[in-house]
Amino acid sequence: MRKKIVILALILPMSILAVRIEPTAIIRPQSESPCSFNPQAVFAEVEGEDAPGVYLRCTIVYQSSVVYDHIVGPHDFPADELYDAVFPTANLEEDCYTIYFWAEDQYNDPLGDDMTREFCCVAVEEGSENRKVILDIKPLPSAVSVSYALKHGQTGFICLYDCTGNVVDRIVVDGKGIRKLGNNLSRGVYFVLLEVEEEEFTRKVVLID
């Protein structure tokens, strides 16, 4: 009996040292979103361990009823990787919803905490899909260069987010031009989001200098 107790004492701590995969930022939807969009979130292994065969999940709920549920994966996470997961298109009715992102193993057991957001979707104006909006970015030393072009008469917002979802910089734009976002930025992954009326455009950039 004593030997069995010793063996259990050695095994139990090993099971506690599991990997943890968690969403670190929700890119889409924002608090207001078109009713047709691709859910998008950044996931990371937060314990610094390799994590093979991870399934990433997204669920949208309306008044306690699931209206969207999709899984991406399996995805193999190297230690310290940030993975930008894009889910299949969600087509919703014009209303307000709650979205959840989380990671799980092959047995559907969660691998960490989830991330959630309340949002409302709004109908896109007829013909707005034909609008030509351009958003290009490139990394600079400690900043991000953004080139943009909006349709005549449009005004939008450009936001720079870090990998945890915090707003680093935000500007109002119209017409076309080139602007610099951020100042003395550290190395890492950032996201540039352009919001124009009911449209959203997102680009990822990695600063290595």
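Would you please list the contacts, defined by Cβ atoms under 7 Å and residues six or more apart or on different chains, that run from a residue in the range 75-103 that is closer than 13 Å to Cys120 by Cα to a residue that is outside any strand (DSSP E or B) and among the hydrophobic types (A, V, I, L, M, F, W, C)?
Asn91/Cys35; Leu92/Cys35; Glu93/Cys35; Glu94/Cys35; Glu94/Ala123
Looking only at the range 131-176, filter to residues that are of a type in the set (S, T, N, Q) and in a loop (DSSP other than H, G, I, E, B); which one of those is farthest from the chain's Cα centre (by Cα)? Before you say what the answer is, go through the steps one by one.
Keep residues of the range 131-176 that are of a type in the set (S, T, N, Q), which gives 142, 145, 147, 154-155, 164, 166.
Now drop any that are not in a loop (DSSP other than H, G, I, E, B), which leaves 142, 154, 164, 166.
Details: Ser142: 22, Gln154: 26, Thr164: 9, Asn166: 12 Å.
This residue is Gln154.
Specify the residue that is farthest from the chain's Cα centre (by Cα); the eligible residues are those in the range 92-107 that are closer than 16 Å to Glu45 by Cβ and of a type in the set (D, E, K, R).
Asp105
Among the residues of the range 156-175, which ones are at pLDDT below 85 and surrounded by fewer than 12 Cβ atoms within 10 Å (Cβ to Cβ)?
Across the range 156-175, the qualifying residue is only Thr164.
Quick one: would you say Glu49 is of a type outside the set (Ser, Thr, Tyr), part of a loop (DSSP other than H, G, I, E, B), surrounded by 15 or more Cβ atoms within 10 Å (Cβ to Cβ) and modelled with pLDDT under 90?
yes
Does the range 80-95 contain at least one residue that is aromatic (Phe, Trp, Tyr), on the phi < 0 side of the Ramachandran plot, touching a His at 6+ places or on another chain (Cβ under 7 Å) and at pLDDT below 90?
yes
The values are calculated or read from the model by the stated rules, or taken from the named source; none is laboratory data. None of the values given here were measured: they were computed from a predicted structure. Here the Cβ is made from the backbone with ideal geometry for all residues, glycine too, and neighbour counts use every protein chain on show.
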